[in-house]
Every structure is written in C-alpha cells, then in structure tokens.
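K.L.:
Here's a structure for you.
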Amino acid sequence: MTGGLTPDPLAAAAEQGRVCALAAQGQRGLRRAAAAHPDLFPGDPFDATLFSSIALAMAFSAPWHTAAELAVTNRAVLWGFAVDWLVDHQADSRAEVDRVTRTCLDVLDGADPGDPLGRFLAELRDDVAAAPGYAALGGRWRAATERMLDAMTREWTWRHTGRPTLTDYLANADNLAATVVNVAHWIHTGSVSTGDELDRLIQVSDEVQRALRLVNDLGTHRRDAESGDLNALLLVDDPAEVERRFAEQVEHCRVLLAKLAGEVPREADFLSRQLGFTSGFYRHTDFWGVR
C-alpha cells in the first residue's frame, strides 16, 4: 500500500464538469460569431463539431480563465482556421494568397476591413486592442501574424512547386497558427506585462508549436494525402521517423517548460496543457469536418 491520498473521484469529475461547462459557453459564442459572418464560415467545413473542439481545446488549456476571457481566444483560433481554409483550399493563385496576407496585415495596422475575413479580424483586433498592455505588446501580435501568413504562403508555394525536406517543413510550423493565437491570448487576458516576458513565452510556444505540427500530421495524414495537403508523413520514407521526431520534440518541450515554470508558472502550465490536450486529441480525431 502507498501512503498517498486517494484522489476524490467526485471532486475530479466536478472539476472536469466545470471545464466542460466553460467549453460549452465557448462553443455557443463561436456559433454566434460564425453566424454573424456566414460568408466567411460556410457550414462545411465550419460545423458545430469544429466549434466544440476549439472551445474544448482552449477550456482545457486555460481552465482558470472565464468564458468571457476565452471568448476572444476562441475567436482567434477560428480566425486562424478561416485563413487556413482560404489559403489552402480556396486560393487558386499566388495573387489570391497575397491578398489574404495584405488584408490581415492592413487590418492589424488599423485599416478599415474590406471583405469578410477583414471584418472578422477587425472585430478581434478591437477586442485585443482594448487590453491595457496592447500599446506595448500589440506589435508582437502583428509580427506573429506576419510570420504565420508568410509560413502559409510558403507552404502554398511548396504544394505547387515541390515538397520541402522534413527539417524545412518543421521550421515552417508557424503555418499551424498556434503561437499567433497564444500571443493574442496572452495580451488580451493580461497574462504578461512586459515585452521581454512575452518574447520568452513566444520562444517556448514556437517549440510547442513544432510538436503540435507533428502530432497534427500523424492524425491527419490520410486526409492530407487525399486532399493534396502537405504532411510530415509524406516527406519521409519511413513513417517511424515522424513518430521519433515527435517524441524528441515533446521531450525538448518538457525541458523548456520545466524551466519556464520557474519564471511564469501559469503560462508554462498553459503551454503544457495545450501540448497534452492536442497530443491526445489528434490521436483520435481532427478539428476539421468535411473538407
């Protein structure tokens, strides 16, 4: 027998229920946001399960926040999915991809929105900009957005000109749009107070993002092969190489997160929970519905 305390199953289930309630509120908020922008979010692939999955991911990653605080984060994730959909599956030319980039960056620079994507982002911009720290930190969200858009453009080019190496592909993990969402989340919720602190979080978030890129690909390789999307498993001769790289990246992240926990424990927990939730999620299902 061990001397440890036996976990209280009732208390554990109650906490899980609270987190699920937070996710339920988030799902309803996402449905309202999508309904207000029907041209941007068609029912396929932006279905109820996608909204639920986004809300669950953020609720389990940051259960200490309120539904109102996570509402902006959830919409930032949904915006990332919209950009991904437009670039990967709607753009027929590089000019169309560049138009998406210009729209997003112009809106973050204060321009009036001129299309459905711009209008949705402008609403998100205004909510994030209401945070007290935005004046000092907002430029980092803009920079993270530019990195994401550059990465999506690079992947679009690879799909039309030739496949990259696995190393180059992982270096382009900003196309997953995880870090850019995290930056918006940290600014909006007031989780960071200085630029140096946010830069440190971005550094670790980028490493977590690479692990998420790999587990995403492990879970979606069949669909990606059918649709023509790039996927790490399509870039190697032996699929075991991707599993090995994922395991190595997770261990690398564990070391970084353990060190980060001594500096900003709650945000280290946020990134750890994000990595854990997503790793479990993609082993069994996917965010997207019909594509």
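The values are calculated or read from the model by the stated rules, or taken from the named source; none is laboratory data. On a predicted model such as this, the values are computed, not experimentally measured, just so you know. Positions of Cβ are generated from backbone atoms using ideal geometry, with glycine treated the same way; all protein chains shown enter the neighbour counts.
K.L.:
Output the qualifying pairs, or none if there are none: Cβ atoms under 8 angstrom, residues six or more apart or on different chains, first residue in the range 99-127 and over 17 Å from PHE81 (Cα atoms) and touching a residue at least 60 places away in the same chain (Cβ under 8 Å), second residue assigned to a helix (DSSP H, G or I) and of a type in the set (A, V, I, L, M, F, W, C).
P.N.:
Qualifying pairs under 8 Å: ASP127/VAL72.
K.L.:
When residues of the range 1-49 are filtered for being aliphatic (A, V, I, L, M), surrounded by fewer than 12 Cβ atoms within 10 Å (Cβ to Cβ) and part of a helix (DSSP H, G or I), how many remain?
P.N.:
Total meeting the criteria: 6.
K.L.:
Something else: Being among the basic types (Lys, Arg), more than 30 Å from ALA232 (Cβ to Cβ) and under 19 Å from the mean Cα position of the chain (by Cα) is the filter here, so list the residues in the range 106-163 that pass it.
P.N.:
ARG125
K.L.:
Continuing with the same structure: Can you find, within the range 206-219, the residue that is surrounded by the fewest Cβ atoms within 10 Å (Cβ to Cβ) among those that are in contact (Cβ under 8 Å) with a residue 60 or more places away in the chain and of a type outside the set (A, V, I, L, M, F, W, C)?
P.N.:
Filtering first and then ranking leaves GLY219.
K.L.:
Just checking, which of GLY228, GLY276, GLY219 is within 30 Å of ALA91 (Cα to Cα) and under 20 Å from the mean Cα position of the chain (by Cα)?
P.N.:
Just a single option satisfies the conditions, and that option is GLY219.
K.L.:
Please verify whether the range 269-280 includes one or more residues that are at pLDDT below 95 and buried (at least 19 other Cβ atoms within 10 Å of the Cβ).
P.N.:
Taking every residue of the range 269-280 in turn, at least one turns out to be at pLDDT below 95 and buried (at least 19 other Cβ atoms within 10 Å of the Cβ).
K.L.:
Can we say ARG222 is outside any helix (DSSP H, G or I) and surrounded by fewer than 18 Cβ atoms within 10 Å (Cβ to Cβ)?
P.N.:
Here the answer is no, as ARG222 does not meet what is asked.
K.L.:
Can GLU263 be described as surrounded by fewer than 16 Cβ atoms within 10 Å (Cβ to Cβ), in a loop (DSSP other than H, G, I, E, B) and in contact (Cβ under 8 Å) with a residue 40 or more places away in the chain?
P.N.:
When the stated conditions are applied, GLU263 passes them.
K.L.:
Give the range 51-68 a look and list any residue that's touching a Leu at 6+ places or on another chain (Cβ under 7 Å) and of a type in the set (Val, Ile, Thr), or say none.
P.N.:
Of everything in the range 51-68, just one residue is touching a Leu at 6+ places or on another chain (Cβ under 7 Å) and of a type in the set (Val, Ile, Thr), namely ILE54.
K.L.:
Something else: Only one of ALA59, ALA36, ALA24, ALA12 is under 22 Å from GLY190 (Cβ atoms) and out of contact with any Lys or Arg (no Cβ under 6 Å at 6 or more places or on another chain); which?
P.N.:
Result of the check over ALA59, ALA36, ALA24, ALA12: ALA59.
K.L.:
Within the range 104-145, which residues are of a type in the set (Lys, Arg) and farther than 20 Å from ALA178 by Cβ?
P.N.:
ARG119, the sole residue that qualifies.
K.L.:
Give the number of residues within the range 105-124 that are buried (at least 18 other Cβ atoms within 10 Å of the Cβ) and either out of contact with any Pro (no Cβ under 9 Å at 6 or more places or on another chain) or on the phi > 0 side of the Ramachandran plot (or both).
P.N.:
Summing the residues that are buried (at least 18 other Cβ atoms within 10 Å of the Cβ) and either out of contact with any Pro (no Cβ under 9 Å at 6 or more places or on another chain) or on the phi > 0 side of the Ramachandran plot (or both) in the range 105-124 gives 4.
K.L.:
Also, quick follow-up: Would you confirm whether any residue within the range 50-62 is not hydroxyl-bearing (Ser, Thr, Tyr) and not in a helix (DSSP H, G or I)?
P.N.:
For the range 50-62, residues not hydroxyl-bearing (Ser, Thr, Tyr) and not in a helix (DSSP H, G or I): present.
K.L.:
Quick one: how many residues across the range 225-242 are in contact (Cβ under 8 Å) with a residue 40 or more places away in the chain, of a type in the set (A, V, I, L, M, F, W, C) and surrounded by fewer than 20 Cβ atoms within 10 Å (Cβ to Cβ)?
P.N.:
4
K.L.:
To continue, here is another question. Restricting to the range 139-198, and then to whatever is among the charged types (D, E, K, R) and free of Cβ contacts under 8 Å to residues at least 24 places away in the same chain, can you tell me which residue is surrounded by the most Cβ atoms within 10 Å (Cβ to Cβ)?
P.N.:
ARG154
K.L.:
Residue check, ASP237 against (1) assigned to a helix (DSSP H, G or I); (2) farther than 24 Å from LEU86 by Cβ, all met but one. Which one?
P.N.:
Here ASP237 meets the rest and fails (1).
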